[in-house]
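Below: one structure, written as structure tokens.
The values are calculated or read from the model by the stated rules, or taken from the named source; none is laboratory data. Computed from a predicted model, the values in this text were never measured in an experiment. Positions of Cβ are generated from backbone atoms using ideal geometry, with glycine treated the same way; all protein chains shown enter the neighbour counts.
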There are 2 protein chains.
Amino acid sequence: MESPLAARVRSGDVRASARLMRALDDRLPGADSVLRELFPHTGRAQVVGITGPPGAGKSSLAARLIAHHRGSGRSVGVVAVDPTSPFTGGAILGDRIRMQDHALDAGVFIRSLATRGHLGGLSRSAADVVAVMDAMGKDVILVETVGVGQDEVEVASLAHTVVVVWVPGLGDEVQALKAGVLEIADVLALNKADREGADRALRDLGALLKLRRAVQREPGWEPPIVSTVAIRDQGTAELSAAIAGHRAYLEKSGEGQARAARRARSAFLGRLRERLLDGALDRLEREEGPLDEVAVRIAARQQDPYRLADELAARLPRGAGERP
Amino acid sequence: MESPLAARVRSGDVRASARLMRALDDRLPGADSVLRELFPHTGRAQVVGITGPPGAGKSSLAARLIAHHRGSGRSVGVVAVDPTSPFTGGAILGDRIRMQDHALDAGVFIRSLATRGHLGGLSRSAADVVAVMDAMGKDVILVETVGVGQDEVEVASLAHTVVVVWVPGLGDEVQALKAGVLEIADVLALNKADREGADRALRDLGALLKLRRAVQREPGWEPPIVSTVAIRDQGTAELSAAIAGHRAYLEKSGEGQARAARRARSAFLGRLRERLLDGALDRLEREEGPLDEVAVRIAARQQDPYRLADELAARLPRGAGERP
């Protein structure tokens, strides 16, 4: 029997879906079982990651892509995990393109995630939100992250296609991040391409792609570079075509399935890790007292955290028929 | 009986310590047991986090602090987890202050960590390196991270004192990160303070600190703001004094012990999580086959990852005397 909440999410109900997302965020009991009910109905949406340094114009490009998809009748979900995004940071940045306009469009669902101190990790939270939007029946889900750090790489791994947004004239220090960000790029957008330095930036990106090709063991996908000027809506169609091209490549080459397996692997491991920890901490509290008091004893070097962790983990029985 | 490797690390042997760090990085069997041997001999070093946006001059400031401590006869360890740091990125940035000079000084031990795709998480790796340097007898350990994202906040939580480095004239988007970074600041360094806009930046930081005070429930430490010009070695003594002042506050107020307990808690949980997962994956592979094949079945929606994770975790026996 499907629960009423799962049924409402599957019908695309915005309020029910937002409620489930909050419940998942707050780790309310029961929220997980709804996610589990929805699982067979996920895996249909096209998930597109949009990443790059602060100020590259990721949100403006996202807004253009939303308008593009809406114009073709596709429903869109947006997950914003970029602390500088107008989706997240909101009015303080004076977002010129009024993202909130889309909030009045029932075909667009926007959800922002805090990037700091998030219980259970940012990628787990983003994955949950993507799963709910997927089950809602969203055709396209955009995941916007600022392209610095490991979190963002993990979040990017949720996407079928990762668009890295670059701009001309970034300082040397930010340039140094480029190699790392480029590793995860399926499509490159050089935004603000009407700015001085665009030609040089295009040459630089081209040279880096050549380098990437040279170290690749087998020929695969070659990320196209698309010039865009998001605030004037230039290059949006080309960018959409490049994303669609990568999607077609994923299907034809079998790489799409390989990536789906990698995503499933990482989601499963995240879930398993959480469940194991919950169980072990229950037992720790019963046997050793509150975790905070154990921490005080460890800090005072009165208790050995290595032995304690090893003992708790060793209690896992070796196999189904065996005794601990 | 202490192992020869642990004894050599404790004597401050650089080659043995580097070997142990590599072994921990590679998750070699036995490396963990050395860390466990060293545990009672850790907790003595003063750990100082240095964070801030790319280009703020964190490495230059770190170099000045190194020179300052060396001048007072203190040994120094440096853990660089900033992809734009000259410690990490090296020569490509044309580091003006030759950090590598310190490499010839036996009292300084520098270790860089990759920030991407790190097995087991960046904060675990950084914590291991800090523990080894601590056991080596380093008096001061500087941990340099780029101040964006959750990883960096986690790494910063290793430190007794967090120095946030700021510079005049950052763009609006980077400014938006400020509130988040300020939350973790114990000391603020306005570097490049001879630049235009320094007065405004000082006013802005002052206003933010006032805001922070207003929302604080109880009076605590008020982060001092120190103006520095690292490349001309201006403000280094003041910055060191501010860090020492925070250290004295931690000791006097009891806040130092509370923070030590929080650090111990998070290190223990990290270890426990890893041990539990290792055990559960062993069993999964025996019962369900290789993880990668399980992932393929999950991706095809043929296997339920929620049920699988819950079942593996439920096998944890409830208590010492009970049967699973």
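Assorted remarks:
- Any hit, the range A:260-273, residues being at the interface with chain B (Cβ under 9 Å from one of its Cβ atoms) and closer than 30 Å to B:His160 by Cβ: yes
- Scanning the range B:42-78 for residues being assigned to a helix (DSSP H, G or I), touching a residue at least 60 places away in the same chain (Cβ under 8 Å) and among the charged types (D, E, K, R) gives a total of 2.
- Test for B:Ala179: is it at pLDDT 70 or above and touching a helix residue (DSSP H, G or I) at 6+ places or on another chain (Cβ under 9 Å): no
- Out of A:Glu251, A:Glu274, one residue alone is assigned to a helix (DSSP H, G or I) and under 22 Å from A:His69 (Cβ atoms). It is A:Glu251.
- In the set (1) in contact (Cβ under 8 Å) with a residue 24 or more places away in the chain; (2) assigned to a helix (DSSP H, G or I), B:Gly220 fails one condition alone, (2).
- Residue within the range A:99-110 that is modelled with pLDDT of 85 or more, closer than 30 Å to B:Ser266 by Cα and not in a loop (DSSP other than H, G, I, E, B) present: no
- Looking only at the range A:47-66, and only at residues there that are among the hydrophobic types (A, V, I, L, M, F, W, C) and out of contact with any Pro (no Cβ under 9 Å at 6 or more places or on another chain), the one that is modelled with the lowest pLDDT: A:Ala56
- Single match in A:Ala230, A:Ala207, A:Ala201 (criterion: assigned by TED's automatic domain parsing to the domain that holds A:Leu190 and surrounded by fewer than 14 Cβ atoms within 10 Å (Cβ to Cβ)): A:Ala207
- Residue list for the range B:227-250, restricted to those being farther than 15 Å from B:Leu188 by Cβ and within 20 Å of the chain's Cα centre (by Cα): B:Ala244, B:Arg247, B:Leu250
- The set of residues in the range A:182-206 being part of a helix (DSSP H, G or I) and modelled with pLDDT of 80 or more consists of A:Ala198, A:Asp199, A:Arg200, A:Ala201, A:Leu202, A:Arg203, A:Asp204, A:Leu205, A:Gly206.
- Restricting attention to the range B:273-324, the residues that are buried (at least 20 other Cβ atoms within 10 Å of the Cβ), among the hydrophobic types (A, V, I, L, M, F, W, C), at pLDDT below 90 and closer than 30 Å to A:Ala300 by Cα total 1.
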